[in-house]
Amino acid sequence: MSKVRVLFVCLGNICRSPMAEAVFAHKVEQAGLAEKIEIDSAGTGSWHTGEPAHHGTLEVLAKNKITRTHAARTITKSDLNYYDYILTMDEDNFRAVKYLGKSTAMIARFLDYAPSVGMREVPDPWFDGKFDRVYDMVDRAAEGLLKAILVDHFDG
């Protein structure tokens, strides 16, 4: 079986999507599936290309004992058919990914995997600095996504 490939997408790829990438990768490693699930993140905007994750993202990840290296990149058309799952952080990113063209990937809003959060969009902490709040949402959605992938690809 080939790897399951997962891409997280936000606007600049320095706050939400690298946080989701790191949290999900941590859960995948804990589940013993690191060799079976490939994880990355990207932005719909290119102005942060090559930059590390935002210091607020790095701080909340460190507080939760999660480390992952990151360099921001922009989503490409080829990503649409390389990844199995493309998870967007908000409606604008969802539309931007869909606008890139046809995709073999399942494109969804990340918080659809955490209905108990009661929101469909992960707010951008770049604007309000609420990285802990975003971490809690991302953590819950990552748990839901992993459960869904286990059912869909690894017999539950």
Protection-proxy order for peptides 82-94, 32-44, each taking the mean of Cβ atoms within 10 Å per residue, highest first: 82-94, 32-44
How many angstrom lie between the C-alpha centres of segment 80-150 and segment 53-68? 18
Rounded to the nearest 0.05, what FRET efficiency do Ala148 and His55 give with R0 = 41 Å and r taken as the Cβ-Cβ distance? Could you check? 0.85
Can you divide the C-alpha Rg of segment 29-156 by 2.2 N^0.38 Å and report the result to two decimal places? 1.06
Treating only the Cβ of Lys, Arg, Asp and Glu as charged (+1, +1, -1, -1), what charge dipole size does the chain show about its Cα centre? Round to the nearest 20 debye. 180
Pairs of lysines in segment 1-68 (C-alpha under 18 Å apart; 8 or more residues apart or interchain): 5
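Since every read-out is calculated from the coordinates, none of them should be taken as a lab result. Just so it is clear, the model here is predicted, and its values are computed rather than measured. Cβ atoms come from the backbone with ideal geometry, glycine included; neighbour counts cover every protein chain shown.
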